[in-house]
Amino acid sequence: MGIVVEKRWWQSTVVYQIYPRSFQDSNGDGIGDLSGIIKRLDYLQNLGIGAIWLSPVYQSPNDDNGYDISDYLAIMEEFGTMDDMDLLIAEAKKRDIAIIMDLVVNHSSDEHRWFVEAKKDKNSPYRDYYIWRDGTPEQCPNDIGSIFGGSAWEYDEASGQYYFHLFSKKQPDLNWENEVLRKEIYHMMNSWLDKGIAGFRMDVIDLIGKVPDEHITGNGPKLHDYLQEMHQATLKGRDTLTVGETWGATTEVAKLYSDPKREELSMVFQFEHIGLDQKGFEKWDLKELDLLELKLVLSKWQSELGNEGWNSLFWNNHDLPRIVSRWGDDKTFRVESAKLFAILLHSMKGTPYIYQGEEIGMTNCPVTDFSEIDDIESKNMISDRLEKGYTKEEILTSINAKGRDNARTPMQWDDTANAGFTTGTPWLHVNPNYKEINVQAALNDKNSIFYTYQKMIQLRKEHDLLVWGEYHLVEEVPDEVFAFTRTYQGETWLTVANMTGVSQTIDLQEYGKVAEVIISNYNFDTVSIVKGLEPYEAFIVKLIKNKSK
Ligand code: TEU
Ligand code: CA
């Protein structure tokens, strides 16, 4: 017999990410809020998800929409109060939905009391909560760049020192070398866990072990020591889901985080597939996706973690363009391709994440002018690239393909004004396609994308095969077709997905015969595995193996 692995609740559940600012406004100020989320819990329960990852709701001056926190133990005024938060946790629990908070501890806001004190006084105990180095106005400590453009060092005239910020200059990096700071963070995490939240999504956690003087930012030497220390101080003995955002993780590194024996995190978000449609390190330098590469990268992650790690599965989040626009067809085959992405991802091994609106096939929201852009990352890129001589058209092409606002336009609930998101003026423009693409329309159409997601979530609850089954990439298909099997306790399911808008042909008779159609995005009752595939056709079938095999 194989090794006995302890099964955990978060391995068979599906997580739904809410970007609170854009989910549901309840008081007409144009900004989503906690009461709005509470109103929509029944909808989420109907979808079937078991946990919500809540993007930051803490007090923040919103330089980076809440990813710049000025008080970790207070709620952003625009979002509501701590009472609303407690009510959200309780109401979610009633519906068997766990709340996972965003933990942003690589940096704080420059308006956090710690930084205010640190900046004011070189001898303050808070000075060492941040990373300061000597320099002159002309000479910064080194050439490390900020992920949002420009230098990572910001000069502070009063003290003649620079502070370090890997994101905006209003997001100074916290100094994890400082044990007092680390303890303060663990204390804060425990306060939240004691309130009844079920875990954390940890923002850019792979950066906390940085050693700026040696040019090390990701995967620093003490990163895993810190996470093990954190685990002992906060997570140990609690049944939590933790997921680290780790842009630089390879499969080997992912095992360091998620091997249960090491007691760090439940899983990480890896981004190898996300980088496949860019040239080099710059997401703005567009390249066409190579479907074979996508299959190989995802299959590598499926195969290599084994029992020493656990995958998270996602196409989307608040930083990424909408998948149906990115790798599907958001026009002719919007419904088919959106369903394809659901079927494909949710039949892989790992914990699936759905980003708000993905379940109704929300699309990117094109912009034609810089003035329509909100996101700080895009704004910084615009000034950077204009200076470098890029044309306005080139810049807009990149932003329309990859800009973060694409994911952040308000959730489309119905076909009334502002898509039912707000009765006021929305903080960010609503996608004009909301009259056609909205929750109400999806719920009223039994063939909608919503019900494909609902069914995939249900299947995962009912079939251990989807949670535990071994993954095997089917190579005997055209590059444009993504096919794999999952096998568990003698049963095998086959997933087939034509990733293109043109037909493809497969012949998989050596894999066996079709016993049953589990799901089909064309609603086929019967399918053969020797057949022509329709554009973006995707299905899962249960196989009867050939006797000889
Ligand atoms: O994102 C980390 C990060 O590296 C992103 O900035 C990423 O490079 C970019 O968005 C890709 O489009 C996390 C959060 O998810 C993001 O929203 C925050 O802005 C960032 O950290 C800083 O907290
Ligand atoms: Ca509001």
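The values are calculated or read from the model by the stated rules, or taken from the named source; none is laboratory data. Just so it is clear, the model here is predicted, and its values are computed rather than measured. Here the Cβ is made from the backbone with ideal geometry for all residues, glycine too, and neighbour counts use every protein chain on show. To get the accessible areas, we keep the full protein, side chains included, count just its heavy atoms, and leave off ligands, DNA and RNA. Shrake-Rupley method; radii C 1.70, N 1.55, O 1.52, S 1.80 Å.
General observations
- The residues packed around Leu294, meaning those with a beta-carbon under 15 Å from its beta-carbon, carry a net charge of -4 if Lys and Arg are +1 and Asp and Glu are -1.
- Region 339-476, relative contact order in percent, only Cα pairs under 8 angstrom and at least six apart counted: 32 percent
- Relative protection proxy for 465-475, 64-74, from highest mean packing down: 64-74, 465-475 (other beta-carbon atoms within 10 angstrom).
- Evaluated with a Cβ-only charge set (Lys, Arg +1; Asp, Glu -1), region 372-483 carries a dipole of roughly 440 debye about its Cα centre, given to the nearest 20.
- With q set to 0.05, 0.07, 0.10, 0.11 Å⁻¹, the log10 of I(q)/I(0) for the chain, from the Debye formula over equal scatterers at the Cα positions, is -0.20, -0.40, -0.84, -1.02.
- Accessible area of region 489-549 belonging to carbon and sulfur atoms, whole % at 1.4 Å probe: 47 percent
- Carbon + sulfur, % of accessible area of region 130-227 - ligands and nucleic acids excluded, 1.4 Å: 48 percent
- Carbon and sulfur %, accessible surface of region 403-465 computed with the full protein complex present, 1.4 Å: 47 percent
- Taking every protein chain into account, the 1.4 Å probe leaves Thr505 with about 100 Å² of accessible area, to the nearest ten.
- Sequentially through region 185-195, phi angles give Karplus couplings (6.51, -1.76, 1.60; θ = phi - 60°) of 5, 5, 4, 4, 4, 5, 4, 5, 5, 5, 6 Hz, Gly and Pro residues having no value and appearing as x.
- In Å², nearest 10: area of Val439 left accessible to a 1.4 Å probe: 10 Å²
- Ranked from largest, the principal axis spans of the Cα set of region 208-314 equal 45, 36, 18 Å.
- Residue-normalised accessible area of the chain, expressed per residue, 1.4 Å probe, Å²: 40 Å²
- Cut-off under 5 Å, modelled amide H: who pairs with Ile99 long-range: Ile52, Ala198
- Shape category assigned to region 1-111 from the gyration tensor of Cα positions, a/c cut at 1.5: oblate
- For region 151-249, the alpha carbon positions stretch 45, 30, 22 Å along the principal axes, listed from largest to smallest.
- Computed lengthening from Asp239 to Val180, 0.36 nm per intervening residue step minus Cα-Cα distance: 18.6 nm
- Annotation for region 440-500: trypsin sites (Lys or Arg not before Pro) lying in DSSP loop with at most 16 further Cβ atoms inside 10 Å of their Cβ are Lys446.
- Among beta bridges that DSSP assigns inside the chain, antiparallel share in %, nearest 5: 65 percent
- Helix-only [θ]222 nm of the chain, DSSP H runs n ≥ 4, -39500 (n - 2.57) each, per residue, nearest 500: -8000 deg cm²/dmol
- Secondary structure note: in region 191-325, about 20% of the DSSP beta bridges are antiparallel.
- Inter-site label distance for Glu387 and Asp374 at 7 Å from Cα along Cβ, in nm: 2.6 nm
- By a 1.4 Å probe calculation restricted to protein chains, Arg385 has an accessible surface near 20 Å², given to the nearest 10.
- In order through region 418-426: 3J(HN,Hα) via Karplus (6.51 cos²θ - 1.76 cosθ + 1.60), integer Hz, x for Gly, Pro: 6, 6, x, 6, 8, 8, x, 9, x
- Derived from the Cα gyration tensor, the three semi-axes of the equivalent ellipsoid of region 257-372 are 27, 17, 15 Å, largest first.
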